[in-house]
Amino acid sequence: MQYSAEVQNMCPLSRGPQHASSPIPVEGRWLNPKDVIAISGLSHGVGACAPQQGAAKLTLNVKNGIIEEALIETIGCSGMTHSAAMAAEILTGKTILEALNTDLVCDAINVAMREIFLQFVYGRTQTAFSEGGLPIGATLEDLGKGLRSQVGTHFGTRDKGPRYLEMAEGYITKVALDDNDEIIGYRFVNIGRMMQFIEEGIPAGEAMEKASGQYGRFDDAVRTINLATSKSGEHHHGHV
């Protein structure tokens, strides 16, 4: 280690109090981490690329500094999905410090990794006060039945108004309207559950119906709109 001449010529002074870094909560314990292997927990990070064309959500389950499982969810960019596939292979088995400096190809995923790193090292994880944290596989609980991301997709124009395309419950097949043409409910199909039913041998039409549901005052609709065409329908549950 080299010291400048100015520092070498300084007279030494006592530093006074020398206490440890502030403790952070790590899976139910208070720790003063000096090394990355002291970090454990489950947390989330969200990032966007420079043009903000797409976004990524990263969920990691870390034990003793090592990423044991990773959930990568992306939206808005087709290329990002392939980067997420690479990240699913690259991230596990690395420390969170190594992962921070790993080429994740997609800048949105890189930013998400940076944000989740901050969550971990500042003790802001979801499991900060949970003794032992969560088992490996816990990140899949973010997805629910059917193992599909919670995606919301909506569209609107000044001239034609809103369109509900997808909710957390599933893909929207119909919206219910009152006599003012305002949306009061919707019918949806859970694509993940539908595919599971089809895989079990249930005919596609029956599987779709079995995986469908409705929300709001759908039964009170004056008319409905079939979003496959978005055309106005007949009175009371009619559709085109």
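The values are calculated or read from the model by the stated rules, or taken from the named source; none is laboratory data. The model shown is predicted, which means the values in this text are computed figures rather than measured ones. In this analysis, Cβ positions are derived from the backbone assuming ideal geometry, glycine residues included, and neighbour counts consider all displayed protein chains.
Restricting to segment 1-44, name every residue that is over 21 Å from residue 132 (Cα atoms) and not in a loop (DSSP other than H, G, I, E, B).
Across segment 1-44, the qualifying residues are 5, 6, 7, 8.
Looking only at segment 132-150, which residues are assigned to a loop (DSSP other than H, G, I, E, B) and closer than 21 Å to residue 194 by Cβ?
Residues satisfying the conditions are 143, 144, 145, 146, 147, 148, 149, 150.
So which of 139, 153 ends up being in contact (Cβ under 8 Å) with a residue 24 or more places away in the chain and either within 20 Å of residue 36 (Cβ to Cβ) or surrounded by 12 or more Cβ atoms within 10 Å (Cβ to Cβ) (or both)? Before you say what the answer is, go through the steps one by one.
Details: 153 fails: in contact (Cβ under 8 Å) with a residue 24 or more places away in the chain.
Exactly one residue qualifies, and that residue is 139.
Examine segment 69-88 for a residue that is among the β-branched types (Val, Ile, Thr), buried (at least 16 other Cβ atoms within 10 Å of the Cβ) and part of a helix (DSSP H, G or I), and state whether such a residue exists.
Checked against the condition, which is being among the β-branched types (Val, Ile, Thr), buried (at least 16 other Cβ atoms within 10 Å of the Cβ) and part of a helix (DSSP H, G or I), segment 69-88 yields no hits at all.
Just to be sure before I move on: is residue 137 closer than 25 Å to residue 75 by Cβ, in the same structural domain as residue 57 (by TED's automatic domain parsing) and within 24 Å of the chain's Cα centre (by Cα) in the structure I sent?
Yes.
Could you go through segment 108-131 and let me know if any residue there is assigned to a strand (DSSP E or B) and surrounded by fewer than 17 Cβ atoms within 10 Å (Cβ to Cβ).
no
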